[in-house]
1. Only residues that are outside any loop (DSSP other than H, G, I, E, B), open to solvent by 40 Å² or more (accessible area, probe 1.4 Å) and either under 21 Å from LEU140 (Cα atoms) or among the charged types (D, E, K, R) (or both): list them for the stretch 178-193, please.
2. Return yes when SER209 is more than 23 Å from the chain's Cα centre (by Cα) and either open to solvent by less than 30 Å² (accessible area, probe 1.4 Å) or touching a residue at least 60 places away in the same chain (Cβ under 8 Å) (or both) and no when it is not.
3. Identify all residues within the stretch 336-348 that are assigned to a loop (DSSP other than H, G, I, E, B) and farther than 22 Å from PHE452 by Cβ; write none if there are none.
4. In the stretch 275-303, what count of residues is obtained for those that are over 16 Å from THR153 (Cβ atoms) and open to solvent by 50 Å² or more (accessible area, probe 1.4 Å)?
5. For ALA434, all conditions in the list (1) among the aliphatic types (A, V, I, L, M); (2) closer than 18 Å to SER327 by Cβ; (3) open to solvent by less than 10 Å² (accessible area, probe 1.4 Å) hold save one; what is the number of the exception?
6. When the stretch 196-212 is examined, which residues are found to be outside any loop (DSSP other than H, G, I, E, B) and touching a strand residue (DSSP E or B) at 6+ places or on another chain (Cβ under 7 Å)?
7. Do we have any residue at all in the stretch 359-382 that's open to solvent by 10 Å² or more (accessible area, probe 1.4 Å) and either at positive phi or part of a strand (DSSP E or B) (or both)?
8. Among the residues that make up the stretch 404-424, is at least one of them farther than 17 Å from VAL68 by Cβ, touching an Asp or Glu at 6+ places or on another chain (Cβ under 6 Å) and in contact (Cβ under 8 Å) with a residue 12 or more places away in the chain?
Amino acid sequence: MELLPLLLACSLLFTIATPIRDITSDVCTSQISDFQYLNSSGLHLTLHHPQSPCSPVPLPSDLPFSAVVTHDEARIAHLASRLAKNDPSSRPPTKTTASLLHGHRKKDGGGQLAASLASSVPLTPGTSVGVGNYVTRLGLGTPATSYVMVVDTGSSLTWLQCSPCSVLCHRQAGPVFDPRASGTYATVPCSASQCGELQTTTLNPSSCSRSNVCIYQASYGDSSYSVGYLSKDTVSFGSGSFPGFYYGCGQDNEGLFGRSAGLIGLAKNKLSLLYQLAPSLGYSFSYCLPTSSAAAGYLSIGSYNPGQYSYTPMASSELDASLYFVSLSGMSVGGSPLALSPSEYGSLPTIIDSGTVITRLPTSVYTALSKAVAAAMGNTARAPAYSILDTCFQGSASQLRVPAVDMAFAGGATLKLAAQNVLIDVDDSTSCLAFAPTGNTAIIGNTQQQTFSVVYDVAQSKIGFAAGGCS
């Protein structure tokens, strides 16, 4: 395979956040083991919190919460600039192919790589991968080999690291995928329609190698990226296999992907995993995002039990057709609605996102929520602000008396948040309100979604919530 002209990488994954709690190996093995199966209702996979010791690629136990916040901010900044695409001043600086490759060329490949570089194409940074994305397993090739992958509703293209790693591969758990070992692997020519769709899929233009192989460029807001050949092969989950799956075979993969092999994209796009499997399984998926103290949650693609959910319509938006928009209609604390007008809740476009840790609310909504929660916890000792989190208390969320917080959405769906969805532990002795203000894009993050079953029914254009999803 020819060494390719490389450029930058994609957009996101499930980002999360609770600090690690003590959990024994017995819990990981006895509560739930990794499962992958395909039945009449669809595809069902195990989903792990990145900071759980039960994860196949757990993050370091001493990872400071400040690192989570930093990468969460990078993701938020990109999503805001992505939606403000008509305002060039709001976009972060782009990187070029040349600057991307500088200093990262292998001895036997750098010269050919540089020579095959067609031009210095500006690359648009994608969503920050962060350090807290949920992970699952995916099988690829014939015979199939299993790889640990991060999952992201804000990304479209699925990609993973591929041998020979012509420029660079980050450290991953297990061996790197070798296309030569798969009897069903094929590269995608530049003339294929899928190559032309990469601009909308990755927000970066495609490129073409000297042997007419399509090259993808997937980039993230924190300067992480993956670049490689657009390829197709058989993807498998347990006993279920799906031939002709399009994905990125990464030859230059740099940044904070943990020790995962790559990323699974679940956004609304022709090249996402959801859309490629839809002819067999349907246009819907559901998940339960576990907390760091739980062994696992799940990700399912296919049919679901419609009676267990309350629904909100997917809001229409011309800002980005691949993201999932909703309409927040109200919030209450301790049963008392916040004294806000409906227009204040809808003053900004609102996304529901698996990869954002801290929920962002319009400033007036956040201010009212912060005051109401602080008032309800009036006898609890306050703690200094922590980074962007300014409503903090002494003690762990599990030990404090936290008021019930409800988030209501158009159509009547409501998230009734427990203490662990309202406050987040930032260290051993401090917890903070897991919300922050924004003047750009409101985002329903994964801290608020944890332990709920959330279904994305793209065919019916609705999102549903049900409590107790991970049990």
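1. ARG180, ALA181, THR187, PRO189
2. Considered against the rule, which asks whether it is more than 23 Å from the chain's Cα centre (by Cα) and either open to solvent by less than 30 Å² (accessible area, probe 1.4 Å) or touching a residue at least 60 places away in the same chain (Cβ under 8 Å) (or both), SER209 comes out as yes.
3. ALA339, LEU340, SER341, GLY346, SER347, LEU348, listed by residue number.
4. Total meeting the criteria: 4.
5. Going through (1) among the aliphatic types (A, V, I, L, M); (2) closer than 18 Å to SER327 by Cβ; (3) open to solvent by less than 10 Å² (accessible area, probe 1.4 Å) one by one, ALA434 breaks only (2).
6. LEU198, THR202, SER207, CYS208 - these are the residues of the stretch 196-212 that are outside any loop (DSSP other than H, G, I, E, B) and touching a strand residue (DSSP E or B) at 6+ places or on another chain (Cβ under 7 Å).
7. The answer is yes, given that some residue of the stretch 359-382 is open to solvent by 10 Å² or more (accessible area, probe 1.4 Å) and either at positive phi or part of a strand (DSSP E or B) (or both).
8. yes
The values are calculated or read from the model by the stated rules, or taken from the named source; none is laboratory data. Please read all numbers here as calculations on a predicted model, not as lab measurements. Please note: Cβ atoms are built from the backbone with ideal geometry, for glycine as well, and neighbour counts cover all protein chains shown. What goes into the accessible areas is simple: the full protein's heavy atoms, side chains included, and nothing from ligands, DNA or RNA. Shrake-Rupley method; radii C 1.70, N 1.55, O 1.52, S 1.80 Å.
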